[in-house]
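Derivation of every value follows stated rules applied to the coordinates shown; laboratory data play no part. Just so it is clear, the model here is predicted, and its values are computed rather than measured. No Cβ is skipped: glycine too gets one built from the backbone with ideal geometry, and neighbour counts run over all protein chains shown.
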Amino acid sequence: MMPGVVTARQNSETQSKPSYFRGHQWGAISLLIGSLAAPFGLPLALNIHQGLIHIGKEDKNETLQTRIIHMATDFALRHDLPCIFTLDAYFPCASVFNLVYSVWSIELHQPLITLIIRAKNNCVAYYEAQKPQGKKGPGRPPKYGKKVKMTDFFDQPNLFSQAQCCVYKALVQFNWEALHCEINMLSCMVVGVYSK
């Protein structure tokens with residue numbers, strides 16, 4: 001039996017594909033190169049991300065989300081380069097944000113990795129907590145400010161600015177807005193984009 005092989009489930013609309021398949025689950029990071037007309041992903045690192053328990057190399061504290069972040073932070077630290085890392089909606093969770101925020105560039109005074117992630121539908125953020133004015137009352141000061149559901153953010157079109165972008169050789173109108181808020185006690189900028 002080959003080590004590192006796992007059984008994974010994949011839902012598909014195609015009837016010819018099985019719902020389960022066996023194989024290795026790989027994680028890869030790549031550098032976006034080329035031009036706008038012909039972009040290309042140049043692989044930088046490639047690791048098996050699941051099934052390592054069979055060969056005694058799996059860390060119980062790591063998840064699939066944090067393994068890809070470890071690959072990115074290792075690359076950024078090894079080359080001493082700030083990186084912009086794009087991920088899909090599977091990845092926004094507290095462990096990912098905390099891991100990225102833990103690796104800082106002393107020279108740039110900011111985290112070494114900037115994340116661009118599509119938020120999940122249930123994602124919430126918080127405005128910064130207001131400092132208590134005057135005499136301090138009982139209890140600790142609040143950690144969070146007002147709670148904001150990200151889906152409610154799109155119900156306020158008056159907050160958004162308009163812009164244009166060329167997508168697949170066509171000019172597309174879209175609306176965007178940026179908010180400074182906190183997610184999992186980390187200060188971040190949330191950018192909302194939608195097209196008509």
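Computed values, structure above
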| quantity | calculated |
| --- | --- |
| A45 paired with Q10, simple spin-label distance in nm, labels 7 Å along Cα-to-beta-carbon | 2.5 |
| Where labels lie 7 Å past Cα in the beta-carbon direction, separation of V103 and D155 in nm | 3.8 |
| Whole-number Å³ per residue for the convex hull built on Cα positions in region 122-181 | 120 |
| Residue order, fewest to most surrounding Cβ atoms within 10 angstrom, among R22, R9 | R9, R22 |
| Ranked list, fewest to most other Cβ atoms within 10 Å of each Cβ, for Y168, Y126, Y90 | Y168, Y90, Y126 |
| Cα pair distances in region 61-145, grouped into 5 Å bins until the bin that holds the longest one, percent each | 3, 12, 20, 17, 15, 12, 9, 7, 4, 1 |
| Overall Cα dimensions of region 114-155 - principal axes, largest extent first, Å | 41, 27, 14 |
| Estimated vicinal HN-Hα couplings, Hz - region 66-76 in sequence order (Karplus 6.51, -1.76, 1.60; Gly, Pro = x) | 6, 5, 5, 5, 4, 4, 5, 5, 4, 5, 5 |
| DSSP beta bridges in region 42-151 [antiparallel fraction, %, rounded to 5] | 55 |
| Sequence-separation-based contact order of region 65-122, relative, with Cα cut under 8 Å and 6+ spacing, percent | 43 |
| For L115, residues with placed amide H under 5 Å, excluding near neighbours | F85 |
| Which of I33, I69, I113 has the fewest Cβ neighbours within 10 Å, and the rest in rising order | I33, I113, I69 |
| Point-to-point label distance, R22-E62, nm (Cα→Cβ direction, 7 Å offset) | 2.4 |
